[in-house]
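Everything on this sheet refers to the single structure shown next.
The values are calculated or read from the model by the stated rules, or taken from the named source; none is laboratory data. Small disclaimer: the values here were computed from a predicted structure and weren't measured. Cβ atoms come from the backbone with ideal geometry, glycine included; neighbour counts cover every protein chain shown. Accessible surface areas use protein heavy atoms only, side chains included; no ligands, DNA or RNA. Shrake-Rupley method; radii C 1.70, N 1.55, O 1.52, S 1.80 Å.
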Amino acid sequence: MSSHVFHILAQKGSTVITVKADDPVVSVATILAQHNIGGAPVLDPDGQLIGMVSEKGIVHMLSEHGADISTLTAKDIMTKDMPTATPDDSIYDIACRMTYSRNRHVPVLDNGKLVGLVSIGDIVKLRAENAEQEARELQDYVTGSDHAAVKPPHEEPPMQCGEKQS
């Protein structure tokens, strides 16, 4: 089964926690902590995606600026060159983009409008659910069909050559 981004959005919904470019870093960190998320898209005043902030980015800037980090805004710490996705993109392609860009979050755009956010955790969850479903289907096929290598225990064994039917 080939999964696409819209499969993830259908499960998790399209609500996205966002921040504004001029939000102070301390406020951004508070938003991430309150919502138990690792990143958020940054929007300009017109609501257009201009970047991503992440826990990793905040920690990196903290190591560079120390206590002065409180003077920075989301725009100062955001990643501008991040991968994006469309609802029709394959999960495999998005996972590859995340791996090569070292980003754990990918904004989902539909005609330039932010419609969702996919995290590496979302991909792992979907892949695990798909693997579990495939395993159940294979087990049902093997134990429940005429092609089964293993017959369910409630069936009588086949007759042996030369044995008479009762």
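Take D89 and tell me if it is of a type in the set (D, E) and more than 26 Å from N130 (Cα to Cα). Criteria not met by D89.
Could you tell me whether region 2-10 includes any residue that is part of a loop (DSSP other than H, G, I, E, B) and of a type outside the set (S, T, Y)? No, region 2-10 contains no residue that is part of a loop (DSSP other than H, G, I, E, B) and of a type outside the set (S, T, Y). Summed over region 12-45, residues that are over 17 Å from V106 (Cβ atoms), outside any helix (DSSP H, G or I) and either open to solvent by 80 Å² or more (accessible area, probe 1.4 Å) or acidic (D, E) (or both) total 7.
Screening region 56-146 for helices (runs of 4 or more DSSP H) wholly inside it with 3 or more residues that are open to solvent by 50 Å² or more (accessible area, probe 1.4 Å) and of a type in the set (G, A, S) returns the ranges 120-144. For first residues located in region 62-77 and touching a residue at least 24 places away in the same chain (Cβ under 8 Å), partners that are open to solvent by 70 Å² or more (accessible area, probe 1.4 Å) and not charged (D, E, K, R) and lie 6+ apart or on another chain with Cβ distances below 6 Å form the pairs I69/L62; S70/V26.
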